[in-house]
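Okay, so here's the structure we're looking at.
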Amino acid sequence: MPTTTASRRPRPALADLGPVAQLRAGRLGRRLPQLAVGLVLYGVSLAMMVRGDLGLAPWDVLHSGLAGLVPLTLGQVIVAVSFLLLLAWVPLREVPGLATVANAVVVGLSADATLALLEAPQGWAARAALMVGGVLLCGFASALYIGAQLGRGPRDGLMTGLSRRTGLSLRLVRTGLEVSVVLLGLALGGVLGLGTVLYALAIGPLTQAMLPSLTVDLRLDPARQPALDPARGPAAGGS
């Protein structure tokens with residue numbers, strides 16, 4: 001018998017929770033491992049794009065530029081920039097979660113570990129495969145990390161905070177931030193290329209397509225529903 005619209009299970013919704021409510025919402029046996037895997041794979045995807053050497057994600061254009069100026073690895077720069085961005089959360093009144101701190105540390109460490117193991121390939125085909133694979137993996141990792149529902153990353157918290165304070169749309173604020181960090185990264189000697197354009201065009205649709213199947217449904221634990229805070233609106237995840 002065909003399934004009617006009324007009988008279909010609604011898709012899991014993203015809930016914007018405070019740090020305590022995130023933990024009280026339940027299903028940590030799935031959410032914590034999913035968060036950890038997502039963040040590790042996110043770092044792996046960044047390293048793949050670095051080794052592909054055909055352009056980096058917008059924020060990584062800045063990271064690579066900074067890494068060329070200071071005695072730090074790319075991963076260490078990612079960690080340092082993440083914690084600097086968290087300072088900007090204070091006047092924006094953004095509330096960090098478990099994933100916020102984990103993101104600030106794990107992504108950089110994972111990127112450095114992968115760079116230590118992954119050699120730069122020879123030939124355009126292998127480099128292009130790493131670039132495309134990095135973008136695809138980043139979309140999957142983003143959906144894993146966001147779907148764990150344990151808070152925003154430092155860069156997305158900056159985006160949502162600026163959007164709320166200025167009244168501008170998330171899309172406009174994100175575009176402004178990414179254009180700004182690319183220009184600054186280029187001025188510092190960062191790497192821009194085809195991969196940057198591919199990432200900018202593909203990462204949103206990829207993450208959006210994978211997110212519904214990877215979002216942990218917190219409604220499955222009705223005893224913990226009072227911990228949810230729907231008044232804060234939908235979450236906007238990412239790195």
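Residues of region 52-80 that are of a type outside the set (A, V, I, L, M, F, W, C) and either touching a Pro at 6+ places or on another chain (Cβ under 7 Å) or not in a helix (DSSP H, G or I) (or both): 53, 55, 68, 71, 73.
The set of residues from region 186-206 being in a helix (DSSP H, G or I), within 18 Å of residue 51 (Cβ to Cβ) and open to solvent by less than 30 Å² (accessible area, probe 1.4 Å) comprises 195, 196, 199. If you go through region 145-167 and keep only what is surrounded by 24 or more Cβ atoms within 10 Å (Cβ to Cβ) and not in a helix (DSSP H, G or I), you end up with 148, 149, 150, 151, 152, 153. The residues in region 102-156 that are among the hydroxyl-bearing types (Ser, Thr, Tyr) and closer than 16 Å to residue 59 by Cα can be counted, and the count is 1. Inspection of region 132-144 finds no residue satisfying the criterion of being open to solvent by 10 Å² or more (accessible area, probe 1.4 Å), more than 22 Å from residue 29 (Cβ to Cβ) and out of contact with any helix residue (DSSP H, G or I) (no Cβ under 8 Å at 6 or more places or on another chain). Within region 117-132, residues that are under 12 Å from residue 194 (Cα atoms) reach partners that are among the acidic types (Asp, Glu) and open to solvent by 80 Å² or more (accessible area, probe 1.4 Å) with beta carbons closer than 8 Å, at six or more positions or on different chains, in the pairs 127/53. Filtered by the rule that a residue be closer than 30 Å to residue 24 by Cβ and over 15 Å from the mean Cα position of the chain (by Cα), region 146-169 gives 161, 162, 163, 164, 165. Within region 112-127, is even one residue over 13 Å from the mean Cα position of the chain (by Cα), open to solvent by less than 10 Å² (accessible area, probe 1.4 Å) and modelled with pLDDT of 95 or more? For region 112-127, residues over 13 Å from the mean Cα position of the chain (by Cα), open to solvent by less than 10 Å² (accessible area, probe 1.4 Å) and modelled with pLDDT of 95 or more: absent.
Filtering region 165-179 to residues that are at pLDDT 85 or above and among the small types (Gly, Ala, Ser) leaves 167, 176. Given the criteria surrounded by fewer than 15 Cβ atoms within 10 Å (Cβ to Cβ) and among the basic types (Lys, Arg), does residue 171 qualify? Considered against the rule, which asks whether it is surrounded by fewer than 15 Cβ atoms within 10 Å (Cβ to Cβ) and among the basic types (Lys, Arg), residue 171 comes out as yes. Hey, does region 37-58 have a residue that's over 30 Å from residue 129 (Cα atoms) and open to solvent by 40 Å² or more (accessible area, probe 1.4 Å)? No.
Checking the structure you have, find out if any residue of region 209-219 is modelled with pLDDT under 85 and assigned to a helix (DSSP H, G or I). Yes; the residues of region 209-219 include at least one that is modelled with pLDDT under 85 and assigned to a helix (DSSP H, G or I).
The values are calculated or read from the model by the stated rules, or taken from the named source; none is laboratory data. From a predicted model like this one, the values you see are computed outputs, not experimental measurements. FYI the Cβ positions are ideal-geometry reconstructions off the backbone, even for glycines, and counts take in every protein chain you see. Note: accessible area is taken over every heavy atom of the protein model, side chains too, but ligands, DNA and RNA are not part of it. Shrake-Rupley method; radii C 1.70, N 1.55, O 1.52, S 1.80 Å.
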